[in-house]
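Notes follow once the structure below has been shown.
The values are calculated or read from the model by the stated rules, or taken from the named source; none is laboratory data. Computed from a predicted structure; not experimentally measured. A quick note on method: Cβ atoms are made from the backbone with ideal geometry, for glycine too, and the neighbour counts reach across all protein chains shown. Surface accessibility is based on the protein's heavy atoms, side chains included, excluding ligands, DNA and RNA. Shrake-Rupley method; radii C 1.70, N 1.55, O 1.52, S 1.80 Å.
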Amino acid sequence: MNGAAVSDLPLKTERLRINEIFHSLQGEADAVGFRTVFVRLTGCPLRCQYCDTEYAFHTGEWRDIEAVVATVQSFGAKHVCVTGGEPLAQPNCLTLLTRLCDAGFDVSLETSGAMDIAAVDGRVARVVDVKTPGSREAARNRPQNFAMLTRRDQVKFVICSRDDFDWSKAYLNEHGLTQRCQVLFSPSYAEVSPTALAEWILADRLDVRFQLQLHKVLWGDVPGK
Ligand code: SF4
């Protein structure tokens, strides 16, 4: 018998497939405007019709988690956002989140709402999508996640039409979401005007937080920003 003991072998399980790591301003959610390092993981099991990160579905390089953390540290930013694709589709994402928290970063996770968030490190701010009918992926929503959300977490609705807005209002009430966590309403880029969505929220007196994707206002719809 030759070779190393099993415990000496490289830990393949400590790797992740990474689409890109970049430094920008956080464009969405509670940390909007802060200098942030984004770690975008490859792959997503969903196919939302408005997806702006299709380039992350299949392309990426395998990297050791420690190397990812070191790259994040090299930017000298306090905030880190782990995103995708759907980052939780790679189980090792959970390890990355914990390592980033251990390293002292303010860590957020952007997830589609289709995956179980129970095992995510409790120090992470979770930004959980609620897919509307206009996304064509509403059947993937996982309401079991809602009971785990706290005031630090956020749910995000991307509104594609007036019908989507009305559906979202009813969904909020059905699941008591405004009592649990922050609720973000964002217009689908090029489908609903920001002004229209703002007017609807005011007219219906909703306790939700309107948001625009700051990075698209600043740089347009380009990868790596
Ligand atoms: S969940 Fe996100 S990454 Fe996946 S298809 Fe939808 S918008 Fe794109």
In the neighborhood of F157, defined by Cβ-to-Cβ distances under 10 Å, what is the net charge if each Lys or Arg adds +1 and each Asp or Glu adds -1? +1
Each residue of the range 23-30 in order: what ³J(HN,Hα) in whole Hz does its phi give by Karplus 6.51 cos²θ - 1.76 cosθ + 1.60, θ = phi - 60°, with x for Gly and Pro? 10, 7, 9, 4, x, 9, 6, 5
Dipole axis of the range 110-225 (+1 Lys, Arg; -1 Asp, Glu on Cβ), positive-most option in S168, W219, P187: W219
With charges only on Cβ, +1 for K and R and -1 for D and E, what is the dipole size of the range 109-211 about its Cα centre, in debye, rounded to 20? 300
If you roll a 1.4 Å probe over the chain with all protein chains in place, what percent of the accessible area is carbon or sulfur? 52
Of all alpha-carbon pairs in the range 106-225, indicate the percentage at a distance above 26 angstrom. 18
Suppose every Lys and Arg Cβ carries +1 and every Asp and Glu Cβ carries -1, with no other charges. What dipole size does the chain come out with about its Cα centre, to the nearest 20 debye? 200
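Give the accessible surface of the chain per residue, rounded to a whole number of Å², with probe radius 1.4 Å and ligands, DNA and RNA excluded.
I get 49 Å² per residue for this part.
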Note down the Stokes-Einstein diffusion coefficient of the chain in µm²/s, whole number, using a Kirkwood radius over alpha carbon pairs, 37 °C, and 0.692 mPa s. 180
Sequence neighbours fewer than 8 away in the same chain don't count; with that in mind, list the lysines whose C-alpha is under 16 Å from K169. K131, K156
Loop-only check: which trypsin sites (Lys or Arg not before Pro) in the range 118-190 are DSSP coil with at most 15 other Cβ within 10 angstrom? R123, R136, R151, R152
Would you kindly derive the ³J(HN,Hα) couplings of the range 119-131 from the backbone phi angles with the Karplus curve 6.51 cos²θ - 1.76 cosθ + 1.60 (θ = phi - 60°), listing them in order in whole Hz, with x for Gly and Pro? 8, 6, 3, x, 7, 8, 7, 9, 10, 10, 5, 10, 7
Reachable lysines from K78, criterion Cα separation under 21 angstrom, eight or more residues apart if same chain: K225
Give me the percent relative contact order of the chain, please, defined on Cα pairs under 8 angstrom at least 6 residues apart. 18
